[in-house]
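Worksheet: the structure to be examined is printed underneath.
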Amino acid sequence: MHEILDYGDSLLVDAVDESVLRWSRRADGIYEALSPDFAIIPPSKRGFKIWEFEPNGTIWIARNEFIFRYDPNVTKDYFKPYKASIRSVEGENNQKIFMGTFTDPAALVPALSYDENALTFQYAAPFYEYHDKIQFTYKLAGFDKAWSPWEKSAEKEYTNLPEGAYTFRVKAKNIYGHESRPAEYRFIIHPPWYRTVYAYLGYAVSFLLVLYTGIRWNTRRLQASKVKLEKIVKERTKEIEAQKVQLEVAYTEVNETKDALWGEMQLAQKIQTVLLPDTPQLPGYDITAYMQTADEVGGDYYDVIQMEGTYWLVIGDVSGHGVPAGLVNDDGANIHSHGT
């Protein structure tokens, strides 16, 4: 504080913020601020000067280049209610949306397109005493989280507002620090076409159509694959059945050939056995002959030849086994028989 002066039962205080205040002393000895009688006195670092006290309590105060007369006998209601007003609402390119008519703006709820999401609000307060000292605070419900700081500007611009329902509120505060009742303006911004309910329904229908088309296409693809696979299976089955028939025929032919060969082998064995010589009979000797071939027909050979009272034993073996060796053996036996 710069200066404190006695003024009857109260004090005039030059406060730190360079304003003049009037404090009254209560019965308990504590001072409290009275009505803002001196709020119109501008702040100054040079303090103030009381020029004269009149008998009725009127004083003259000098402050900077101004002189103020204060008469405590004149009462004034500093807290008379008043209400802020919204003068106009404009869109882009100065498009007039609300012209500040006498119709209560709270009753108007215009629906704006998404292209109209940039708005400028102009407002005022019907308090004409030191009108240039009025301050405003505002809040756009649905967008701002808190009230703005107090400022003298009577205009606020918003750009790129998203879709939704909004309420713009503004309050005023006069030179005496008394706040007005808030004014409000409600409006709605529609979403862009691609975020409307119909757009989302279209997205859902499109998704279902794509899903249905995909399922149908995949089902047809699976059915075509199934038909193709069944065709391949039928062809392979026919081939296997044909091969089975061929194998059965071949098996039958092999068995028949085997049986024929086996009969011929048995005949060849009998022929080879017939070609074996009789066992010679010699007094005083027991002679036994036995021949066992490796196969049914073999190349082993033996014979007993009697010439001029003498017995000759011939033993032969053809290299190899089976039918070839037996044929060579039979040829040898035939040559021997014709030779004798």
- Task: Report the net charge of residues surrounding Trp147, where surrounding means a beta-carbon distance below 15 angstrom and charges are Lys +1, Arg +1, Asp -1, Glu -1.
- Result: +3
- Quotient of Cα radius of gyration and Kirkwood radius for the range 163-253, i.e. Rg/Rh, equals 1.79
- Query: With labels modelled as points extended 7 Å from the Cα through the Cβ direction, what inter-label distance (nm, one decimal) is found for Ala62 paired with Tyr128?
  - Reply: 3.3 nm
- Task: Whole Å is fine, so just give me how far the alpha carbon centre of the range 149-185 lies from that of the range 106-141.
- Result: 5 Å
- Item | Efficiency of FRET from Cβ geometry, Ser113 and Val205, R₀ 22 Å, rounded to 0.05 | 0.35
- Label points 7 Å out from Cα along the Cβ direction at Lys258 and Lys145: separation in nm? 9.7 nm
- Burial ranking of peptide ranges 81-90, 246-255 (average Cβ count within 10 Å, highest at the top): 81-90, 246-255
- Can you give me the three principal axis dimensions of the range 85-195 from its C-alpha atoms, in Å, biggest first? 51, 29, 25
- Cα→Cβ-extended label distance, 7 Å offset, between Leu222 and Ala165, nm: 4.8 nm
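Readers should treat all values here as calculations from the given coordinates under stated rules, not as data from a laboratory. As the structure is a computational prediction, the values presented were derived from the model and not from experiment. In this analysis, Cβ positions are derived from the backbone assuming ideal geometry, glycine residues included, and neighbour counts consider all displayed protein chains.
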